[in-house]
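**Q** Have a look at the structure that comes next, please.
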Amino acid sequence: TGKPLQIITHFLSPLIPAHSEFQTKKIREGYIHFCIYIYIYRERERERESNFVSIFQLNLRHLSSEMAGEEQSQETELSDKQKIEIARWFLLNSPAGEIQYVAKDIRSLLNDDNVYNVAASEAFPLYNKSHMIRLEMPGRVGDVLVTSFGELNENEYIDPRTAQVAIVDHVKQVCSELRPASDEELPSPYIEEYRCALDAEIVKYVGETYPKGVCSVYCISGKDVEEPGSDFELVLVISAARHSPQNFCNGSWCSIWNIEFKDELQVLEIRGRMQVGAHYFEEGNVQLDAKHECKDSTIFQSPDDCAVALTNIIRHHETEYLASLQASYSNLPDTTFKDLRRKLPVTRTLFPWHNTMQFSLTRDITKELGIGK
């Protein structure tokens with residue numbers, strides 16, 4: 001999570017170096033944003049911290065020289081490889097639905113289409129698959145999910161429901177054309193019976209639960225099994241997003257359910273992973289990235305009975321997780337936020353909000369430092 005920029009500015013402003021190049025508001029705010037990025041990611045991206053510093057210094061020098069009417073410093077610049085790595089990192093860490101905005105800014109900063117194209121070609125496929133974005137197929141025949149489970153090669157993704165393969169442009173995030181899936185790319189009739197039954201039930205559930213949500217069921221193991229007696233594995237994915245940049249907020253939901261059909265034990269083992277992302281950026285920058293995992297099981301039955309049982313299990317776990325999120329964030333003001341504050345300030349007296357004019361930071365500092373005497 002983050003805090004509004006005004007609050008962060010209040011605490012960080014005294015720490016900003018008193019150089020002339022930091023005097024403009026634009027650069028000061030840029031420096032504050034940079035400090036926040038370093039603080040948030042320093043633990044998990046420690047090895048890349050030097051790259052953050054380097055690119056920020058380059059951008060800072062550029063802004064300073066531009067505003068002062070001077071030419072940019074002739075110091076040694078980052079190599080193309082370093083620029084690609086930094087640009088790639090920012091693209092991959094874009095909030096849900098915002099990578100195109102980030103890409104536009106990065107392209108402008110780099111001012112080098114060759115470097116940008118390399119970074120974009122590496123980052124966009126990974127980003128699209130991790131966020132499981134949905135793309136409309138030509139002819140309005142439906143939507144295809146860009147996931148690693150349906151990936152046939154670097155830009156071809158199968159839609160099991162329509163037995164079509166979508167050719168995807170990752171950077172533009174569009175589906176350019178379709179082709180029929182071959183027999184080798186589809187599961188056997190025995191597996192397809194289980195897959196179709198589960199797909200039909202889960203479509204009903206997603207339609208009731210997630211506005212504009214999409215789902216798909218893939219066979220990731222044992223797709224050539226022709227009859228009972230062998231194990232196989234299906235994976236069910238649900239992806240839902242709500243993008244409203246005009247209202248300064250975006251959000252996404254992704255859940256992945258691995259279902260192992262164990263014939264010998266006559267049991268279905270289920271592993272679920274859920275991820276919620278949200279970004280609110282009106283006069284501030286607050287992000288949520290919550291993850292949850294769970295396990296369950298049920299008995300091996302007919303395709304229709306398995307589909308109903310699995311859908312009920314998924315509904316139960318997802319409803320329970322959403323309820324727990326709602327409860328925890330509803331209680332934030334009375335629990336977490338209250339624990340983060342002192343009961344009383346260090347003066348051991350309550351702050352007189354009804355009469356704040358009696359305090360003057362400028363007067364107190366002037367008196368303390370003896371300025372103006």
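The numbers here are math on the coordinates, done by the rules we state, and not lab data. Source: prediction; values computed, not measured. Methodologically, a virtual Cβ is constructed for each residue, glycine included, from the backbone with ideal geometry; neighbour enumeration extends over all protein chains shown.
**Q** Taking region 250-338, which GluC sites (Glu not before Pro) meet the DSSP loop condition and have no more than 14 other C-beta atoms within 10 Å?
**A** Glu264, Glu282, Glu283
**Q** For region 187-342, what mean projected area does the convex hull of the alpha carbons give, in nm²?
**A** Numbers: hull surface 44.6 nm².
Quarter of the Cα hull surface area: 11.2 nm².
**Q** Then there is this: Amide H neighbours of Asp263 under 5 Å, counting only residues 5+ apart in sequence or on other chains, H built in-plane at 1.01 Å?
**A** Close amide H contacts, sequence-distant or interchain: Asp231, Phe232.
**Q** Another one. In debye, nearest 20: dipole of region 187-342 around its Cα centre with unit charges on the Cβ of K, R (+) and D, E (-)? The partial results should precede the final answer.
**A** Details: 14 positive and 25 negative charges, 210 e Å.
I would put it at about 1000 debye.
**Q** Taking the Cα-to-Cβ direction at Thr366 and at Asn155 and moving 7 Å from each Cα, how far apart do the two end points lie in nm?
**A** Going from the Thr366 label point to the Asn155 one covers 6.7 nm.
**Q** Same structure, new question: Along its three principal axes, how long is region 117-183 when you only count alpha carbons? Whole Å, largest extent first please.
**A** On the principal axes, region 117-183 reaches 34, 22, 17 Å in Cα extent.
**Q** Quick check on my link table: of Lys83/Lys129; Lys172/Lys223; Lys129/Lys223; Lys81/Lys172; Lys83/Lys291, which ones sit more than 27 Å apart, alpha carbon to alpha carbon?
**A** Beyond 27 Å between Cα atoms: Lys172/Lys223; Lys83/Lys291.
**Q** Please go through region 104-208 and write out the GluC sites (Glu not before Pro) that DSSP classes as loop and that have at most 13 other C-beta atoms within 10 Å.
**A** Those that pass, being in a loop and sparsely packed, are Glu154.
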